[in-house]
Amino acid sequence: MNLNLRQAILSNVSGHNADQLQATIDDALQKGEEKMLPGLGVFFELLWKESDQQEKQEMLQTLEECVQKTNPQQ
């Protein structure tokens with residue numbers, strides 16, 4: 001069986017507006033289920049590919065801050 005997970009995820013949200021996308025993200029975060037991680041990863045991949053260098057730097061700074069808060073011993 002040849003399953004393209006990325007395409008399946010994109011197909012599931014095709015045509016969604018901003019409110020629907022936010023609801024999908026909020027739902028994934030609230031449930032905290034491991035199976036939701038690939039979908040969030042696909043969303044991040046889309047965001048990353050469409051971002052310019054300054055936006056990427058801002059995302060990286062935010063991620064670094066979040067990781068440090070989550071792992072304070074580092």
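Quick look at the numbers
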{"item": "Cβ-placed point charges (K, R +1; D, E -1), dipole of the chain about Cα centre in debye, nearest 20", "result": "280 debye"}
{"item": "The chain: radius of gyration over Cα atoms, expressed as a fraction of 2.2 N^0.38 Å", "result": "1.28"}
{"item": "Value at 222 nm in deg cm²/dmol, rounded to 500, when DSSP H runs of n ≥ 4 in the chain each add -39,500 (n - 2.57)", "result": "-24000 deg cm²/dmol"}
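Every read-out reported here was derived from the displayed coordinates using simple, explicitly stated rules and does not represent laboratory data. All values reported here derive from a predicted model rather than from experimental measurement. Glycine gets a Cβ as well: all are built from the backbone with ideal geometry, and neighbour counts include every protein chain shown.
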